[in-house]
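The values are calculated or read from the model by the stated rules, or taken from the named source; none is laboratory data. Quantities reported herein were computed from a predicted structural model and do not represent experimental measurements. Please note: Cβ atoms are built from the backbone with ideal geometry, for glycine as well, and neighbour counts cover all protein chains shown. In case anyone asks, the SASA skips ligands and DNA or RNA and just uses the protein heavy atoms, side chains included. Shrake-Rupley method; radii C 1.70, N 1.55, O 1.52, S 1.80 Å.
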Amino acid sequence: MAMTNAAAPRFAIRTRTPVSTIAAVCCVVLVVVLAALPFFAGRSVMQNMFFILTMLSLAQFWNLLAGYSGLISVGQQAFVGLGAYLLFAWTILGGVDPVLAIVLSGAIAALVALPTSFLVFRLKGAYFAVGTWVVAEVFRLILAQVKILGGGTGTALPKEATNDAAFVQWIVQMTGERAAVARDKADYWLALILAIGAIGLVYGLLRSRRGLALAAIRDNEAASGSVGVDATRMKRLVYVVSAFGAGMTGALIYLAKARISPDAAFSLIDWTAFVFFIVIIGGIATIEGPIVGVLIFWLIQNELSSFGSVYLMLLGALAIIVMLFFPKGVWGTLAERFDLHLFPIRRSLEFASAAGDPKSSPAVEEEISHD
Amino acid sequence: MILELRDLSKSFGALKAADAISFDVPEGEALGIIGPNGAGKSTLFSLVSGALAPSAGRVLLDGRDVTRASAQQRCVAGIGRSHQIPAPFEKLTVFENLLVAACFGRGKREAEVVESCGEVLEATGLLSKANRLAGSLSLLDRKRLEMARALATQPRLLLLDEIAGGLTEGECQELVAAIRKIHASGTTIIWIEHIVHALLAVVSRLVVLNFGRLIAQGDPREVMDSAQVREIYLGSPI
Ligand SMILES: Nc1ncnc2c1ncn2[C@@H]1O[C@H](COP(=O)(O)OP(=O)(O)OP(=O)(O)O)[C@@H](O)[C@H]1O
Ligand SMILES: [Mg+2]
């Protein structure tokens, strides 16, 4: 085709909308408030927020995998558990600072995910799901054999990794609080950073050209190949990034728990079923969905968790009702109804204001469509 | 030679959709392919673009054997194709369909390809629908999008599969003019088309397929006048 000349550009891409600009400002305010929360909130708020933020991180990464890339994994507990165990290994065996150990654990989980992907990517659809679960079981069985980390019964973190950790001690010195209280705050701040990082990473990926590739692959994988998209490579990237996120989150969750056992760390219910519920209820394949979903999940859990197994059945029933009647989830349904996108990824083509017809965009007569 | 096919064959069970097809395409040529329904024309495109693996034979691009290369690798190497049955990315907009093709087909960033995507939309008459979801397009516009998306990858070899069907005479003239312009800019073109008068306005050579076999090739007029081709098309208007 004709070469683009050096003259003023005639076209421009726009992704931002007035709503998203307002949302971005609100996000900044919210982050500031959340960052300051430990200065005026009590311990139970810290602990509840820790739960919400870590589950949100897991949900964002699972959503990237299942929602945006169509890789329905039921085995993310493999990387949650692996990350958690790696944290214990780094701190107990290596004496590494726990904050650094979280990052290292995520990185190694990602490294392990790379060869694992060659295994599970040979499987399609439901077989892929089963494959990911089998991988998690294998990881659990292997770690149950590691005697130095407690074998089948598990182990606990030493004081150097919890109350005496540098980050906790720093907070103790700053605020003069007891180490146990300071630890809750430290864990909360780490969870906040992780959740913001998860949202930022997923949104950044979707806003990059890789986000376009993922959408193309979901719509028509064969056609995506004919325009130069390497579908397998894209999916592998997403799988590895999700493992990195799940690994870091697992490490942080078990840093806070300070006790680990294979059955808990590789729990299908805690790290995949609940996450699945959060994403489905909130709205799959949206950034906002998991945020809404985790709040709903937390409310339900607070109200009903004392009912034991009935509670699990209720969660399952609710998930099925939502899937049947609101397949886009709470946020997805609202977003469609009110055309609301706080984290827009839609690229609009516009005439650049300098040249062309300033008052018209190519879509001026057309309805602008979102999904 | 930009493209060389060597005894290319493809079987679907007992059916030979491509049967030892060999021909060369010099750089810069505009080649037409005709043949009755089910002759294996689209199958041949899939073999060239890498969407299908051949049962036997080889595909050479610029003299390099790409028989084992994936569709993605062949796109990056310069082959662009339109699909006979449009395969748009339905939940992306028309513009985003081009954007993904331009970014990945050419290994560029989004900001670097905006202008050329806009120009392709303009040239293919899709500019006013740039921000519409591809899934909401009419069949005619979906076909336009097929060509536009292939062009967005800036191919050196463009494969067009029946894009003129259903157009009015005026639209057909515009399409012919657009394709001639693409050809004039140096792109090699292979065009499968049942609308023969449109095809003959562009191509300088014609290949005829029937039952998966290459049965005639050469000067378009001579090929169309040959007894063999007349026999195949007997009863169907040319
Ligand atoms: N994936 C497939 N599996 C089985 N058979 C196939 C497949 N694709 C094509 N065929 C068969 O191969 C033969 C050639 O099909 P092809 O689509 O290449 O023909 P064509 O020349 O493009 O026809 P048309 O003019 O109708 O587009 C047909 O008999 C078709 O039914
Ligand atoms: Mg065909």
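Quick notes
- Search result, residues across the stretch B:75-85 that are more than 7 Å from chain A (Cβ to nearest Cβ) and surrounded by fewer than 22 Cβ atoms within 10 Å (Cβ to Cβ): B:Ala77, B:Gly78, B:Gln84, B:Ile85
- Residue selection: A:Ser73 satisfies the criterion of being open to solvent by less than 10 Å² (accessible area, probe 1.4 Å) and not in a helix (DSSP H, G or I).
- Of all residues making up the stretch B:155-169, the number that are part of a loop (DSSP other than H, G, I, E, B) and free of Cβ contacts under 8 Å to residues at least 60 places away in the same chain: 5
- Contact annotation: residue pairs with Cβ atoms under 9 Å, 6 or more positions apart or on different chains, pairing a residue in the stretch B:182-195 that is within 15 Å of B:Thr153 (Cβ to Cβ) with a partner that is within 13 Å of ligand 2 (Cβ to nearest atom) and open to solvent by less than 10 Å² (accessible area, probe 1.4 Å), are B:Ile189/B:Leu159; B:Ile189/B:Leu160.
- Selection within the stretch B:150-176 - more than 14 Å from every other protein chain (Cβ to nearest Cβ) and open to solvent by 20 Å² or more (accessible area, probe 1.4 Å): B:Glu162, B:Gly165, B:Gly166, B:Leu167, B:Thr168, B:Glu169, B:Gly170, B:Glu171, B:Gln173, B:Glu174, B:Leu175
- Meets criteria (buried (at least 16 other Cβ atoms within 10 Å of the Cβ), within 19 Å of A:Leu71 (Cβ to Cβ) and not aromatic (Phe, Trp, Tyr)) for A:Ile287: yes
- Just one of (1) within 14 Å of another protein chain (Cβ to nearest Cβ); (2) in a helix (DSSP H, G or I); (3) under 24 Å from B:Glu4 (Cα atoms) fails for B:Ile189. It is (2).
- Whichever residue in the stretch B:48-74 is away from ligand 1 (no atom under 15 Å from the Cβ) and in a loop (DSSP other than H, G, I, E, B) and, among such residues, is most open to solvent (accessible area, probe 1.4 Å): B:Arg68
- Within the stretch B:1-37, being touching a residue at least 24 places away in the same chain (Cβ under 8 Å), within 12 Å of ligand 1 (Cβ to nearest atom) and on the phi > 0 side of the Ramachandran plot holds for one residue alone: B:Gly35.
- Members of the stretch B:103-122 that are in a helix (DSSP H, G or I), open to solvent by 30 Å² or more (accessible area, probe 1.4 Å) and more than 7 Å from chain A (Cβ to nearest Cβ): B:Arg106, B:Ala111, B:Glu112, B:Glu122
- Leading residue by the ranking (farthest from the other protein chains (Cβ to nearest Cβ)) among those in the stretch A:201-233 that are part of a helix (DSSP H, G or I) and acidic (Asp, Glu): A:Glu221
- Filter result (of a type in the set (S, T, N, Q) and within 16 Å of A:Arg236 (Cβ to Cβ)) within the stretch A:59-75: A:Ser69, A:Ser73
- Residue within the stretch A:171-185 that is modelled with pLDDT of 90 or more, touching a Pro at 6+ places or on another chain (Cβ under 6 Å) and either buried (at least 22 other Cβ atoms within 10 Å of the Cβ) or among the charged types (D, E, K, R) (or both) present: yes
- Residue count, the stretch B:29-39 (criterion: touching a strand residue (DSSP E or B) at 6+ places or on another chain (Cβ under 9 Å), open to solvent by 10 Å² or more (accessible area, probe 1.4 Å) and within 10 Å of ligand 2 (Cβ to nearest atom)): 1
- Options B:Arg58, B:Arg64; residue that is in contact with a Lys or Arg (Cβ under 6 Å, 6 or more places away or on another chain) and away from ligand 2 (no atom under 13 Å from the Cβ): B:Arg58
- Flag for B:Phe89 being modelled with pLDDT of 95 or more and closer than 25 Å to B:Val203 by Cβ: no
- Among the candidates B:Asp225, B:Asp219, the residue that is free of Cβ contacts under 8 Å to residues at least 12 places away in the same chain and away from ligand 2 (no atom under 16 Å from the Cβ) is uniquely B:Asp225.
- Considering the conditions (1) under 21 Å from the mean Cα position of the chain (by Cα); (2) open to solvent by 80 Å² or more (accessible area, probe 1.4 Å), A:Gln301 is excluded by exactly one of them, (2).
- Exclusive hit being open to solvent by less than 10 Å² (accessible area, probe 1.4 Å), closer than 20 Å to B:Gly105 by Cβ, within 16 Å of ligand 2 (Cβ to nearest atom) and not basic (Lys, Arg), set B:Phe45, B:Phe89: B:Phe45
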